[in-house]
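Each remark here refers to the structure printed beneath this line.
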Amino acid sequence: MVGFQEIILEPGQFIFGRNAASKELRMSVQTIRTNLDSLRKRQNLTIKSTNKFSIITITNWDTYQHKENETNQQTNHELTSNSPATNHKQEVKKLRSKELKDIVPSEDFETFWKQYPARGEPPKKTQKETAMKAYISATKDKSFPGLPVLLNLLVQEKRSEQWRKPKYIPMAATWLHGKPWKDEPAQTQTGSILDSFNADEWDIKHAD
């Protein structure tokens, strides 16, 4: 249908408009007209124009389809031959995803991810999987203080002058790799940070 007009097309034909093609291909109308004239002169296609659109017919369409079918059959055969290797890669990818979920309690990471502020301009959250891998690495470190302390550190970072501007907030993975909990004295990590942690805020975020 073109507007309210029904157009019957044969195999190898399609509706064409130079203005629409100019926008989609990001080419000038003159360039499209020149290319079409060149293809028409070489008898690669024929053009039947109306006052609103053109119907283009690909010359020797059936011949091209026959060649394409032969190519597709060969490609399908190659894909079938290679499918064991492809399936193996997919299984490995699924296994790695499962390992990530098994290593890190999903609710812990999700809580951290919800607390971590959006960054950039405009502010948004990106590279979640990279952040998860960094979280895994952090939990393996003997100095890792635990999720409650990590969340409290985030609260303190959000109050800092730097983090009040989203464009200066580091990526979550970068922040975790920097082991910010080591920047605080040991007494603060085990004492004042835990003492000052907002339990109500923790319950609210955990409930999400």
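Only one residue in 48, 41, 52 is over 38 Å from the mean Cα position of the chain (by Cα) and in contact (Cβ under 8 Å) with a residue 24 or more places away in the chain, so which one is that?
Values: 48 fails: in contact (Cβ under 8 Å) with a residue 24 or more places away in the chain; 41 fails: in contact (Cβ under 8 Å) with a residue 24 or more places away in the chain.
Within the list 48, 41, 52, the selection yields 52.
Out of 133, 140, 158, 125, I need the residue that is in contact with a strand residue (DSSP E or B) (Cβ under 9 Å, 6 or more places away or on another chain) and assigned by TED's automatic domain parsing to the domain that holds residue 177. Which one?
Only one candidate qualifies: 125.
Among the residues of segment 9-41, how many are aliphatic (A, V, I, L, M), part of a loop (DSSP other than H, G, I, E, B) and within 18 Å of residue 59 (Cα to Cα)?
First pass over segment 9-41, keeping only residues aliphatic (A, V, I, L, M): 9, 15, 20-21, 25, 27, 29, 32, 36, 39.
Within this subset, residues satisfying the condition of being part of a loop (DSSP other than H, G, I, E, B) are 9, 27.
Of the ones still in play, those that are also within 18 Å of residue 59 (Cα to Cα) are 9.
Residues that pass the stated criteria total 1.
When you scan segment 157-208, how many residues do you find that are among the hydroxyl-bearing types (Ser, Thr, Tyr) and at pLDDT 50 or above?
The qualifying residues number 3.
Six or more apart or on different chains, Cβ atoms under 6 Å: show the pairs whose first residue is in segment 163-174 and assigned by TED's automatic domain parsing to the domain that holds residue 118 and whose second is basic (Lys, Arg) and surrounded by 16 or more Cβ atoms within 10 Å (Cβ to Cβ).
As it stands, the answer is 166/119; 169/119, since those pairs meet every condition given.
The values are calculated or read from the model by the stated rules, or taken from the named source; none is laboratory data. Quick caveat: nothing in here was measured; it's all calculated off a predicted structure. Positions of Cβ are generated from backbone atoms using ideal geometry, with glycine treated the same way; all protein chains shown enter the neighbour counts.
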